[in-house]
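Participant: Please see the structure below; I have some questions.
Readers should treat all values here as calculations from the given coordinates under stated rules, not as data from a laboratory. Just so we're clear, the structure is a prediction, and the values are computed from it rather than from any experiment. All Cβ positions, even for glycine, are placed from backbone atoms using ideal geometry, and neighbour counts span all protein chains on display.
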Ligand code: UDP
């Protein structure tokens with residue numbers, strides 16, 4: 001037997017996972033991490049997405065190729081122009097307008113043809129056919145692909161079990177909640193049946209129970225597809241939310257596996273800094289600057305890949321950081337994506353005023369690696385689930401500044417349940433109200449920015465207790481991802497489940513190949 005034959009036969013024995021991420025950075029990034037973790041668990045992975053998204057993760061692809069990792073990155077042509085979307089709009093953050101989102105979601109099924117065409121090509125390298133399809137829950141159309149391959153289909157869920165359970169309860173009790181929020185003078189009501197007092201707003205009830213008929217129709221399709229899935233993977237860890245995990249699992253009556261925080265996968269620094277996209281900053285200068293700061297002294301301010309601040313809000317936030325008198329890193333993507341006119345000029349002036357104490361990153365920052373640096377002690381975050389989990393994984397306390405969808409409930413988890421953050425105090429509103437977007441709108445005044453961040457970084461005894469809890473959670477997160485830890489076992493259980501299903505099919509003589 002030649003070494004190639006040995007290599008080939010060892011591959012045929014390994015399980016092959018087909019991964020289909022949703023095209024948005026907050027979904028794409030953890031799926032890439034998941035791909036690498038599956039490989040670390042001795043699986044083969046095909047990662048299929050569109051050209052623009054593959055280009056964004058080019059450094060990861062190059063590194064995987066250079067290290068001969070068994071991950072195939074497959075390009076699926078997404079005919080955006082044919083369906084009236086601008087050229088290159090292959091990710092949610094690239095859409096020129098928020099009112100195109102629903103259309104974008106509705107045309108995701110166009111990926112089915114190129115995927116099926118790819119799957120029909122005979123494999124020359126001796127890889128077995130996929131044994132399992134893992135898709136983001138937005139890709140409802142993968143139900144039929146998995147069925148035609150006769151393999152299990154697992155759903156990958158971005159947010160926590162806490163959020164997933166709350167969302168489920170909001171949908172179930174929509175009518176009562178609508179009455180309760182309408183009657184409440186402050187527009188809030190409490191969610192019943194949870195071990196913590198969790199309040200929700202009128203806007204969350206509307207948003208999460210999809211009161212808009214078009215969104216409701218789309219969500220209905222997603223839910224039906226989710227019902228037929230064989231299991232659910234969640235980027236979270238048991239120690240973080242045991243009660244919510246158990247309750248969510250009971251509700252789902254199908255396997256639910258916790259496999260995170262996925263950001264903690266072991267990787268070399270130069271690859272990890274390009275996680276999601278190439279960094280917009282000279283990483284050497286960034287980390288030299290961080291190395292010069294005192295342990296736990298730096299505040300990171302970043303709002304993820306999608307939401308935008310108005311120009312007026314950027315100015316208020318900047319002034320707040322300027323008077324704060326603590327070192328900070330501020331990621332201002334509004335400068336490069338040109339969605340906020342005037343941001344560039346203002347930031348250039350601001351940068352001069354805070355030179356030495358404040359670092360501005362225009363565009364994309366190596367966020368997970370910055371959070372891992374010992375100098376970083378606090379994080380002002382928009383409460384995207386990945387950002388929260390990355391902060392929890394590194395034991396960093398948060399000032400929560402949510403904008404939309406799951407972010408307000410993520411805030412409740414951090415502030416009310418985990419008690420490792422402070423709320424900036426954002427009033428929930430409908431972010432997608434494009435027509436009424438007011439560029440002069442300020443949600444948080446400069447004095448408030450200064451007060452909240454000072455409380456976060458200092459805050460006396462209460463602040464120290466918060467930091468202590470955050471450090472403890474960080475330790476638990478790392479243990480969960482180490483060999484034998486709860487999330488490590490979670491992923492191993494996924495592999496065992498797929499392996500068992502494959503054996504069962506083979507014994508029943510149902511073709512898997
Ligand atoms: N991210 C990053 N650099 C940036 C902005 C975002 O690395 O400049 C990463 C961040 O670490 C996280 C993801 O992008 O992994 C954003 O996901 P999240 O769920 O926090 O928010 P979203 O972007 O989906 O709103």
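Participant: Over segment 278-478, what relative contact order in percent results from Cα pairs under 8 Å that are six or more residues apart?
Facilitator: Rounded, it is 26 percent for segment 278-478.
Participant: Which of 405, 497 has the fewest other C-beta atoms within 10 Å, and how do the rest follow up to the most?
Facilitator: 497, 405
Participant: Now a separate question. Which of rounded, prolate or oblate describes segment 351-421 when judged by the alpha-carbon gyration tensor and an a/c cut-off of 1.5?
Facilitator: Working: a/c = 2.04, a/b = 1.65, b/c = 1.23.
In terms of gyration-tensor shape, prolate.
Participant: Report the relative contact order of segment 172-296, percent, no decimals, based on alpha-carbon pairs under 8 angstrom and at least 6 residues apart.
Facilitator: Reported relative contact order: 14 percent.
Participant: While we're looking at this one, here's another question. Nearest 10 degrees is fine. How inclined is helix 311-324 to the longest principal axis of the chain, computing both from alpha carbons?
Facilitator: Value to nearest ten degrees: 70.
Participant: Here's a follow-up. Going by average Cβ density within 10 Å per residue, which order do the peptides 281-292, 56-67 take, highest to lowest?
Facilitator: 56-67, 281-292
Participant: In what sequence do 319, 27 fall when counting other Cβ within 10 Å, fewest first?
Facilitator: Values: 319 17, 27 22.
Ascending Cβ contact count within 10 Å gives the list 319, 27.
Participant: Cα centroids of segment 91-122 and segment 337-357: how far apart, whole angstrom?
Facilitator: Going from one Cα centre to the other spans 35 Å.
Participant: Compute the separation of the alpha-carbon centres of segment 385-426 and segment 231-259 and state it in Å as a whole number.
Facilitator: Spelled out, the Cα-based centre of one part sits 19 Å from the other.
Participant: Also, I was wondering about something else. Looking at the square roots a ≥ b ≥ c of the eigenvalues of the Cα gyration tensor of the chain, which shape do they give, rounded for a/c under 1.5, prolate if a/b is larger than b/c, or oblate?
Facilitator: Details: a/c = 1.57, a/b = 1.38, b/c = 1.14.
It is prolate, given that a/c is not under 1.5 and a/b is the larger ratio.
Participant: Which peptide among 138-150, 388-400, 186-198 comes first, and what is the full order, when sorted by highest mean count of other Cβ atoms within 10 Å?
Facilitator: 388-400, 138-150, 186-198
Participant: Explain nothing, just the number: relative contact order of the chain, from Cα pairs under 8 Å at least 6 residues apart, as a whole percent.
Facilitator: Details: 850 pairs, mean separation 81.5, N = 513.
Normalised by residue count, the contact order of the chain is 16 percent.
Participant: Which angle from 0 to 90°, rounded to the nearest 10, does the C-alpha axis of helix 446-457 make with the longest principal axis of the chain?
Facilitator: Result, in degrees: 60.
Participant: Hey, another quick one. Show that you can apply the helix-only estimate: for the chain, add -39,500 (n - 2.57) for every DSSP H stretch of four or more residues, divide by all residues, and state [θ] at 222 nm to the nearest 500.
Facilitator: Helix contribution divided over all residues of the chain: -14000 deg cm²/dmol.
Participant: Same structure again: Kindly put 339, 124 in sequence by how many other C-beta atoms sit within 10 Å of each C-beta, fewest to most. Let's see the in-between values first.
Facilitator: Values: 339 14, 124 6.
Ordered from fewest to most neighbouring Cβ atoms within 10 Å, 339, 124 come out as 124, 339.
Participant: From the square roots a ≥ b ≥ c of the eigenvalues of the alpha-carbon gyration tensor of segment 325-372, which class results: rounded (a/c under 1.5), prolate (a/b over b/c), or oblate?
Facilitator: oblate
Participant: Could you please state, rounded to a whole Å, how far the C-alpha centre of segment 184-205 is from the C-alpha centre of segment 484-501?
Facilitator: Cα centres, segment 184-205 to segment 484-501: 36 Å.
Participant: Using the per-residue mean of other Cβ atoms lying within 10 Å as a proxy for protection, in what order, highest first, do the peptides 407-419, 213-225 fall?
Facilitator: Values: 407-419: 22.4, 213-225: 14.0.
Those peptides, ordered most packed to least, come out 407-419, 213-225.
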